[in-house]
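Notes to accompany the following structure.
The values are calculated or read from the model by the stated rules, or taken from the named source; none is laboratory data. This structure is a prediction, so every number in the text was calculated from the model and none was measured. Here the Cβ is made from the backbone with ideal geometry for all residues, glycine too, and neighbour counts use every protein chain on show.
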Amino acid sequence: MTQLGTLEELPQSYRDALTERNLVPLWPAMRSVLPYKVPTRDTSVTKWDYQSLRPLLMQAGELTPIEKAERRVLILANPGHGLENIQATPSIYLGMQLILPGETAPNHRHTPSAVRVIVEGEGAFTTVDGEPCKMERGDLILTPAGKWHEHTHEGDGPIVWLDVLDLPLIYRLNGSWAIEGELQNSDKVRDKSYSDYSAAGVVPNINLTRGSDNTPQLRYPWSKTRACLVEMAADHSDGLLSISYVNPETGRSIFPSIGFGAIMLRPGETQTLPKRTTPVIFHVLEGEGSMAVEGHPSTDGTPQGFVEKDTLSAPGYTHITLTNLSSSEPLFLMTADESPLHEYLGIF
Ligand code: GTQ
């Protein structure tokens, strides 16, 4: 590979003349914008452990009333991207949101799409365009771009969930904005979109969202996904047990930006995931295990232990090895990645 000319080799008067006219020479930046063979991968191997995060989130509940927060969230920021950029990966934002009993996070809608993964607590629901969606542990609750949503908590203890948004992407597209609304009338049956689509292979014909790239189903209960994985395990004694969350009308990703999935590891099992271009987020739904990542400067490949409710990130173009450290219980992980975007762009 040829060593290219640098900025310093150019006369200052020439550089000034370029700057004055909003011009930039490519060749000094060529190797950094088109690195050889492997892209820049800012996402570092990171773990946010729930045990140490939880007290700080509860403290936020004491320090900041919901009226002063609108959304009481601690952002899981990847140090590889710089904490101020609120990126877990280039296009994925993660946050842990807390709602205390009796509180409502007020109605609003915005251009970024969001999925909530319930981490602890019960008795809360998110109302999405008039449809109340029950929030149970491990469920995915969707608020696709532009849909009104408010979160209400009628249970006893605190409720916590993981917010997964395409906010960094939409923000950098200069497309991120929100508006506030009045409290919603829950004018639809609870979990209506889930019941509409809960018979696999059958979709209702009365549907106005058909053809949209966002899924019309708003709740994906963990009990169903878990049962599916357990059934797969009964049928297959080896191989990676994984599912993708899809739009029931198209079979494609639930959002055009972020792809969601779940993985089950049998007791004691180790799996190396297929090498992919996209970074991945893992959230531990049940069990305990370890993750080893090979091929990135942020790690020497040593396995990193994790337990239930922890969240981890791994960069793309690496080998990711997951191990279930229990010899008796299965390990379940939720995954989020940028594969739909990479596929659309032809770089997957
Ligand atoms: O619950 O609507 O973590 O608007 C960030 C922005 C959650 C939400 C976040 C949001 C929300």
Taking the stretch 148-195 and the residues there that are part of a loop (DSSP other than H, G, I, E, B) and within 14 Å of the ligand (Cβ to nearest atom), the one that is nearest to residue 334 (Cα to Cα) would be 166
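For (1) within 12 Å of the ligand (Cβ to nearest atom); (2) not in a loop (DSSP other than H, G, I, E, B), each residue gets a yes or a no:
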site	(1), (2)
61	no, yes
95	yes, yes
116	yes, yes
125	no, yes
136	no, no
145	yes, no
Name every residue in the stretch 20-44 that is closer than 22 Å to residue 348 by Cβ, exposed (fewer than 12 other Cβ atoms within 10 Å of the Cβ) and of a type in the set (Ser, Thr, Tyr), in order of residue number. 36, 40
Hey, residue 102 in contact (Cβ under 8 Å) with a residue 40 or more places away in the chain, exposed (fewer than 15 other Cβ atoms within 10 Å of the Cβ) and away from the ligand (no atom under 15 Å from the Cβ) or not: yes
From (1) touching a Pro at 6+ places or on another chain (Cβ under 6 Å); (2) farther than 25 Å from residue 322 by Cα; (3) more than 13 Å from the ligand (Cβ to nearest atom), pick out the condition that doesn't hold for residue 41. (2)
In the set 323, 272, which member is among the hydroxyl-bearing types (Ser, Thr, Tyr), buried (at least 16 other Cβ atoms within 10 Å of the Cβ), touching a strand residue (DSSP E or B) at 6+ places or on another chain (Cβ under 7 Å) and modelled with pLDDT of 95 or more? 323
Limited to the stretch 75-93, what total is found for residues that are crowded, with 18+ Cβ neighbours inside 10 Å and either without any contact (Cβ under 8 Å) to a residue 12 or more places away in the chain or more than 8 Å from the ligand (Cβ to nearest atom) (or both)? 12
Only one of 186, 193 is over 30 Å from residue 42 (Cβ atoms), crowded, with 21+ Cβ neighbours inside 10 Å and small (Gly, Ala, Ser); which? 193
Could you give every pair whose Cβ atoms fall below 6 Å, whose first residue belongs to the stretch 291-309 and is more than 25 Å from residue 96 (Cβ to Cβ), and whose second residue is aliphatic (A, V, I, L, M) and assigned to a strand (DSSP E or B), counting only separations of at least 6 or pairs across chains? 301/292
